[in-house]
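For reference, the structure is listed below as structure tokens.
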Amino acid sequence: MTHKPAFSLAMALAAATLPGTAAFAQTVPAAIPAQSEDVRLTAFLDAEFAAYVLTQPQLATRLGIKLGGDRWNDNSDEAARAEAEWRKASAARMMAQFDRAKLSPQAQVHYDIWALEAERAEISLANRLYRPPFYSRLYSAHSQLPDFLINTHTVADVTDLKNYIARLKGMPDVLARALERTQASQKAGINPPRFQFETIIEGSRKLTSGAPYGDGPDAALWADVKAKTAALVTAGKLPQAEADPLLEEAKAAILALQPAYGSIIAWAEASLPTAPSGKVGALTLPGGLEYYERELKLVTTTDMTAAAIHAKGRAEVARIEAEQDALAQQAGFADRHAFYAERKRLYPPRQYDDAARKEYLDTANAFVAKTRTLLPAYFGELPAYGIEVVREPAFSEVAGGAAHASAPSPDGKRPAKTYVHLVGTVPDPAAMYTLMCHEAVPGHNTQGDIQVRQHRGPKFRSVTGYVAFGEGWGLYAEAVCKEMGAYPDIAADFMRLDAELFRAARLVVDTGLHALGWTEDEAVKYMNETGRQPIERSRSEVRRYITLPGQATGYKIGMLKIMELRARAEAKLGAKFDVKGFHDLLIASGSQPLSILERRVDEWIAARAKG
């Protein structure tokens, strides 16, 4: 049965008092008195957002709301259409009830973003057939569901544990519906590439190996539910006598996953002989170029074409290589090639072992903690919650896999985390510093911490995100680390440029794959030789771009816009430029489209110029 959004105003007002988190503590009165337009708009948007959260139980869990914690999102086509219709109707209600001209500049941002989300929902709906649940290398359903339970579904009390078990029981049905959607896309000519089927098979087998399925170490979900249950027992929140039958119930639910994953493995194995390989970009799909251009619009929040992005990427590659040459010469080398050769001599390729993993995590966490102490001179808004660097879960860890970050829960009980893949070849140790600046401090974990704690303005701004803004901020944060003096030596700064070169190469590779007809091997060769990535990481990255078209372009496009806006502010304000104020302007009010960000920076410049 399809669970459709609750559209009535009564439901929206009731939803505004959802229990379980301070984020929804503010009630919305049945009759809002005459107040400023800003206050009225915030109340309206909070009610609308609360109604939306009722239809998204996984989002509710992220927000710390227990309501719906025993269910998964309805990811059916019917629910997606209903959401797009609801967003369109909600934007229309807003426009009918509010005069935008009467709102403050900040409230106009909220108004514009809510309206924009309705437009983006329509674009996403148009691209839905191209995004089947098992297609994406990063977000495939077979790994995303257990990842959510392990890393997002916290268990603070018995209710949380029972909800966890209920979600375990619901997984087979969710996986079956995800498989149906993917098969429907296959029939339309949108088939996952061969390597993705191989990834699905390997990951599904890992998830259903070991106890309680057979001999060996505990399977990931069984280990997780046992650990979370034991924590409740230790804390005195659950008697052991009550924990034992709940664990048996959880074990039965986990065992019931084996047939579900068996069906996925059988489908993937049957699909392998006809799965595409080699040339597998958007151009190979029916209507693929139009699909890709829509994805670029969603990701970059601009109207840049694939051709323009490709040209920008090549120009950036040339600029960064010149900067690397200059830095290498400053260090006494002939050029960047000589510097790279010296780093390879000092740190020849070796494989990760337990000692190398511990060293990486210890060094990374210490660097993040030290960098955090540098923030007050450059930021007014500071992160308040814990930030941890941890290893990627075994069922999704791959050699050369991309690190990624998660925001903390709004109450801070679940800290912000940066996940790193610690298998395969150990990277140059100087590269770790840039990665931590991007993912942790002052990058994603910092921005996410500030965003989830927002208390000014509508609640939806705390969870709405844009790739170009978020990843642009992460890449800009790498440059801020240099400004703050966080990098310990020239090698670390050189590897900062190496990381930026990698992101510039992404613009070339992503558009090459999806708009110019490059093969996978051509893209890997460019990423390895020009992007300077090891061959295993080049392969992993390219496969990510193939199954997530456009996403990789957001990093450099976002950073370039932020750098452009900062240069504009510094040039126009001179001595009046305040770096702390500029950074707070960017991240203190949440993620935003680049067009809106540019407008806000121009308004900030004008206001400070008058002050």
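The table below gives the values:
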read-out	value
Scope region 267-277; condition surrounded by fewer than 17 Cβ atoms within 10 Å (Cβ to Cβ), of a type in the set (Gly, Ala, Ser) and either within 16 Å of Gln551 (Cα to Cα) or in contact (Cβ under 8 Å) with a residue 12 or more places away in the chain (or both); matching residues	Ser277
Filter result (surrounded by 24 or more Cβ atoms within 10 Å (Cβ to Cβ) and not basic (Lys, Arg)) within region 547-560	Pro549, Gly550, Ala552, Thr553, Gly554, Tyr555, Ile557, Gly558, Met559
Some residue of region 383-404 being over 17 Å from Thr363 (Cβ atoms), modelled with pLDDT under 95 and not in a loop (DSSP other than H, G, I, E, B)	yes
Any hit, region 292-300, residues being among the hydrophobic types (A, V, I, L, M, F, W, C), at pLDDT 95 or above and farther than 24 Å from Trp473 by Cβ	no
Residue in region 587-594 that is touching a Leu at 6+ places or on another chain (Cβ under 8 Å) and within 22 Å of Asp449 (Cα to Cα) present	yes
Any hit, region 206-221, residues being aromatic (Phe, Trp, Tyr), part of a helix (DSSP H, G or I) and either in contact with a Ser or Thr (Cβ under 8 Å, 6 or more places away or on another chain) or at pLDDT 95 or above (or both)	no
Residue satisfying condition, being at pLDDT 95 or above, out of contact with any Gly (no Cβ under 8 Å at 6 or more places or on another chain), closer than 30 Å to Gln258 by Cα and aliphatic (A, V, I, L, M), within set Leu149, Leu125	Leu149
Helices (runs of 4 or more DSSP H) completely within region 258-367 that count 2 or more residues being over 29 Å from Gln592 (Cα atoms)	306-330, 336-346
Residue in region 421-441 that is touching a His at 6+ places or on another chain (Cβ under 7 Å) and part of a strand (DSSP E or B) present	no
Every residue from region 61-72 that is within 18 Å of the chain's Cα centre (by Cα) and either surrounded by fewer than 18 Cβ atoms within 10 Å (Cβ to Cβ) or within 19 Å of Ala141 (Cα to Cα) (or both)	Thr61, Arg62
Scan of region 37-56 for residues that are without any contact (Cβ under 8 Å) to a residue 24 or more places away in the chain and outside any helix (DSSP H, G or I), ordered by number	Gln56
Looking only at region 442-462, and only at residues there that are out of contact with any Leu (no Cβ under 7 Å at 6 or more places or on another chain) and in a loop (DSSP other than H, G, I, E, B), the one that is nearest to Tyr378 (Cα to Cα)	Gly443
Hits in region 561-584 (condition: crowded, with 20+ Cβ neighbours inside 10 Å and in contact (Cβ under 8 Å) with a residue 60 or more places away in the chain)	Lys561, Ile562, His583
Flag for Glu483 being outside the structural domain of Phe44 (by TED's automatic domain parsing), surrounded by fewer than 19 Cβ atoms within 10 Å (Cβ to Cβ) and assigned to a helix (DSSP H, G or I)	yes
Test: residue in region 278-297 that is touching a Lys or Arg at 6+ places or on another chain (Cβ under 7 Å) and touching a residue at least 60 places away in the same chain (Cβ under 8 Å)	no
Qualifying residue in region 59-69 (condition: modelled with pLDDT of 95 or more, touching a Pro at 6+ places or on another chain (Cβ under 6 Å) and more than 28 Å from Asp173 (Cβ to Cβ))	no
Every residue from region 363-404 that is within 29 Å of Ser540 (Cβ to Cβ), small (Gly, Ala, Ser) and touching a Lys or Arg at 6+ places or on another chain (Cβ under 6 Å)	Gly400
Region 36-60 - residue that is aromatic (Phe, Trp, Tyr) and within 25 Å of the chain's Cα centre (by Cα) and, of those, nearest to Gly457 (Cα to Cα)	Phe49
Any hit, region 236-248, residues being closer than 24 Å to Ala394 by Cβ, assigned to a helix (DSSP H, G or I) and outside the structural domain of Glu541 (by TED's automatic domain parsing)	yes
Gln351 vs. criteria more than 28 Å from Gln551 (Cβ to Cβ) and of a type in the set (S, T, N, Q)	yes
Ala252, sole failed condition from (1) touching a Pro at 6+ places or on another chain (Cβ under 6 Å); (2) surrounded by fewer than 17 Cβ atoms within 10 Å (Cβ to Cβ); (3) aliphatic (A, V, I, L, M)	(1)
Complete set of residues in region 327-342 that are touching a Phe, Trp or Tyr at 6+ places or on another chain (Cβ under 6 Å) and free of Cβ contacts under 8 Å to residues at least 24 places away in the same chain	Phe333
Some residue of region 392-410 being farther than 22 Å from Ser591 by Cα, in contact with a Phe, Trp or Tyr (Cβ under 7 Å, 6 or more places away or on another chain) and surrounded by fewer than 20 Cβ atoms within 10 Å (Cβ to Cβ)	yes
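So that you can scan it fast, the table gives a plain yes or no per residue for (1) hydroxyl-bearing (Ser, Thr, Tyr); (2) surrounded by fewer than 18 Cβ atoms within 10 Å (Cβ to Cβ); (3) in contact (Cβ under 8 Å) with a residue 12 or more places away in the chain; (4) outside the structural domain of Met95 (by TED's automatic domain parsing):
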residue	(1), (2), (3), (4)
Leu116	no, no, yes, no
Phe134	no, no, yes, yes
Ala166	no, yes, yes, yes
Pro172	no, yes, yes, yes
Ala176	no, yes, yes, yes
Thr182	yes, no, yes, yes
Gly189	no, yes, yes, yes
Pro192	no, no, yes, yes
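The values are calculated or read from the model by the stated rules, or taken from the named source; none is laboratory data. Remember, it's a predicted structure, so these values are computed and weren't measured experimentally. Using ideal geometry, Cβ is built from the backbone for each residue, glycine included, and neighbour counts are taken over all protein chains shown.
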